[in-house]
1. PRE reach from Ala197 (point 7 Å along Cα→Cβ): which of the range 210-241 fall under 19 Å by backbone N?
2. Using alpha carbons only, what's the Rg to Rh ratio of the range 165-260 with Rh from Kirkwood?
3. May I ask you to work out the translational diffusion coefficient for the range 213-275 at 20 °C, viscosity 1.002 mPa s, via Stokes-Einstein with Rh from the Kirkwood sum over Cα pairs, reported in whole µm²/s?
4. Based on the Cα coordinates of the range 60-355, what is the per residue volume of their convex hull in Å³?
5. Would you calculate the separation in nanometres between label points at Leu289 and Val67, each defined as 7 Å from the Cα along the Cα-to-beta-carbon direction?
6. Taking the highest mean first, how do the peptides 253-261, 152-160, 68-76 order by number of other beta carbon atoms within 10 angstrom per residue?
7. Give the calculated FRET efficiency between Asp249 and Val171 to the nearest 0.05, with a Förster radius of 22 Å applied to their Cβ-Cβ distance.
8. In nm, give the distance between the simple-model label positions of Leu138 and Leu328, each being 7 Å from the Cα along the Cα-to-Cβ direction.
Amino acid sequence: MTGTFHSGGSAPRTEKNAGERGGAPARPTGKSGGGGPWRPFARGGAAGSREIHHLGLVAALVLLAVVGLVTEPGNFATSGNVVGILALAATIGVITVGQTFVIIGGGIDLSVGSVMALASVWATTVATQSYGPVVMALCAVLVGTGAGVVTGLLISYGRLVPFIATLAMLVAARGLAQRMSDRRTQLVRPENDAIEALSTTKVLGLPLVVYIFAAVAAAGWLLLNRTTFGRRTFAVGGNPEAARLAGIDVRRHTLKLYALSGFCCGIAALIIMARTTTGSSTHGDLYELDAIAAVIIGGTLLTGGRGTVAGSILGVLVFTLITNLFILNGLQTSDQLIAKGAIIVIAVLLQRRGLRSPT
């Protein structure tokens, strides 16, 4: 790195005391004075490019809605179907918020579906249910967060590659869920119907799980765009070495990112327990692929350093709407997977083309 942090006898400005003064992290000087490797950190990419990408996703949603109105006019536009789309998006959407932070931070989490399944199974055991719905919800969140912490420790301090560490957690969490449940579906007891009420109770026509999703998305947006934690996430994902030299504890921050992803998995487990009134080791199958696909479609770079929560949420809605259209038109699940795979490839190719374009 050719940039320097200070000249003369002045003390170097670190990210820590920059954050204390409310400013952005220190930026090493690049060759052309453009901020060097820190250029993409502060805002996650050019604002104009983000807005254009978001408008493209909105246009895709409109196009899919038109397809639904043309192919299934009697079923697509009903209030029940719209509520169903939002409720379906809630589970994967909460997971996607956590996945967005991890990928922007330069990592990836393949274990989110399995961790969600483990949290749902642990929260619906006979022992846990005997303490009531509040303890069940708390258990789901703590189990998810704990799994995220373990993964983060393996990556940050165990020096494991994120792909390997999260793949190991994917297998281990799914296996533990199967062992705890004996491969059986665990029902939420009637006395704990407050869990189910999250899905059946409606406010302004929408179930409470949709508002939980909205709250997590809003909190994620604020955390990424309005806090030091968010600026550090962009820094760590864009250039870990520059972030370290600026005073950021990269390993500790990476641990926090995976803990946050696990926390979101715990909330998603609570949502799926409310929607299905069950805890099962089969919950969340391939959710990791759906979450990663939504993040990519939303414009987040797989290499890290750039992305938005809003784009990821739009990506979730696009994929959920596609799934809904396939179901309404009686198409097979295999066709859905083929379509999703094609969309992911196209999105990555467009990302690479955009990175090659001059700015």
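1. Label zone hits: 210-213.
2. Using only Cα positions, Rg/Rh for the range 165-260 is 1.13.
3. Stokes-Einstein gives a translational diffusion coefficient of 166 µm²/s.
4. Roughly 135 Å³ of hull volume per residue.
5. 1.8 nm
6. The densest-packed peptide leads the list: 253-261, 152-160, 68-76.
7. 0.15
8. Computed distance between label sites Leu138 and Leu328 equals 4.3 nm.
Read-outs: derived from the displayed coordinates by stated rules, not from any lab. None of these values were measured; they are calculated from a predicted model. Counting neighbours? That spans all protein chains shown, and the Cβs are built from the backbone with ideal geometry, glycine included.
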